[in-house]
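Working notes for the structure below.
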Amino acid sequence: MLPIISRLNHSCRPNTEFCWSAPAGAEELRATRAIERGEELTDCYLDLASKGRTSRAERRVLLRQGYGFWCTCEVCELADEASEEDDKLRAEAADLSVDCQDLSACLVDEQMLQLLAKAERWLELCLLLKYKVTHQIEAADAVFSLAMMAGQVDKAREVSEQGMEMAVIRFGEENIMVEDWKRRKDDPVLYMIG
């Protein structure tokens with residue numbers, strides 16, 4: 001299966017991401033950022049948004065056990081102090097991800113605004129740490145939903161622009177997910193009421 005793209009090396013800060021294209025009937029490899037000429041294409045073998053995968057030590061153990069190699073990507077080769085800071089940011093992103101998953105609870109305004117701030121920080125960390133675009137979209141969706149629940153339509157429209165850009169990167173311009181984010185951006189209120 002996938003004899004060419006399955007040969008990509010791992011990075012904890014990859015520059016590509018796999019995505020199934022139903023119209024093409026094929027797995028696509030999509031660049032998630034600008035890639036310099038001669039730069040190696042990399043993928044992340046782990047779901048870095050999950051608990052237990054936030055620190056360099058945890059990732060290296062999982063990769064050694066699951067794939068038989070010791071990770072020496074740019075993130076894992078950071079100096080100890082920089083690695084500790086990166087680990088803290090990844091742990092914070094994992095905690096925020098958990099905090100922002102259940103938006104169904106009835107929240108008082110103050111709680112909703114606190115959760116919105118957490119969702120915004122989660123999105124900021126997903127972008128900073130260059131998490132997979134699918135996780136960036138998940139965080140943007142939480143920000144959008146909470147902004148709308150808090151009556152902050154302008155913030156919802158702003159994050160919709162980001163969501164649309166992420167969806168283009170993840171799925172390609174002609175995908176229904178791009179259209180979904182475009183509808184959110186064009187009229188967030190109409191989008192929410194269906």
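The values are calculated or read from the model by the stated rules, or taken from the named source; none is laboratory data. Note that this is a predicted model, so its numbers are computed, not measured. No Cβ is skipped: glycine too gets one built from the backbone with ideal geometry, and neighbour counts run over all protein chains shown.
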Check: For region 128-140, does any single residue satisfy the condition of being touching a residue at least 24 places away in the same chain (Cβ under 8 Å), of a type outside the set (A, V, I, L, M, F, W, C) and farther than 19 Å from ASP47 by Cβ?
Finding: no
Notebook entry, point to check: Pick from region 170-179 the residues that are part of a loop (DSSP other than H, G, I, E, B) and touching a residue at least 24 places away in the same chain (Cβ under 8 Å): which of them is surrounded by the most Cβ atoms within 10 Å (Cβ to Cβ)?
Noted result: GLY172
Notebook entry, point to check: Any idea which residue in region 16-45 is farthest from the chain's Cα centre (by Cα), counting only those that are surrounded by 14 or more Cβ atoms within 10 Å (Cβ to Cβ) and of a type in the set (A, V, I, L, M)?
Noted result: LEU41
Next item on the list: Inspect region 156-169 for any residue being in contact (Cβ under 8 Å) with a residue 12 or more places away in the chain, more than 30 Å from GLU27 (Cα to Cα) and part of a helix (DSSP H, G or I) and give the result as yes or no.
Entry: yes
Notebook entry, point to check: Residues LEU107, LEU103: which one is at negative phi, in contact with a Ser or Thr (Cβ under 7 Å, 6 or more places away or on another chain), surrounded by fewer than 19 Cβ atoms within 10 Å (Cβ to Cβ) and modelled with pLDDT under 90?
Noted result: LEU103
Notebook entry, point to check: Out of all the residues in region 46-73, which are among the aliphatic types (A, V, I, L, M) and loosely packed, with under 12 Cβ neighbours inside 10 Å?
Noted result: ALA57
Check: Could you say which residue among ALA31, ALA26, ALA22, ALA49 is modelled with pLDDT under 85 and under 18 Å from CYS73 (Cα atoms)?
Finding: ALA49
Check: Only one residue in ALA49, ALA93 is touching a residue at least 12 places away in the same chain (Cβ under 8 Å), in contact with a His (Cβ under 7 Å, 6 or more places away or on another chain) and of a type outside the set (Val, Ile, Thr). Which one?
Finding: ALA49
Item checked: Verdict on PHE144 being in contact (Cβ under 8 Å) with a residue 60 or more places away in the chain, within 24 Å of GLU17 (Cβ to Cβ) and not polar (S, T, N, Q) -> no
Next item on the list: Output the number of residues of region 59-78 satisfying the condition of being in contact with a His (Cβ under 9 Å, 6 or more places away or on another chain) and assigned to a loop (DSSP other than H, G, I, E, B).
Entry: 3
Check: From the set of residues in region 1-15 that are part of a loop (DSSP other than H, G, I, E, B) and modelled with pLDDT of 85 or more, which is surrounded by the most Cβ atoms within 10 Å (Cβ to Cβ)?
Finding: CYS12
Item checked: Filtered residue count, region 37-58, keeping only those that are closer than 26 Å to ASN175 by Cα and assigned to a loop (DSSP other than H, G, I, E, B) -> 7
Next item on the list: Determine whether region 62-76 contains at least one residue that is of a type in the set (Lys, Arg) and closer than 18 Å to CYS12 by Cβ.
Entry: yes
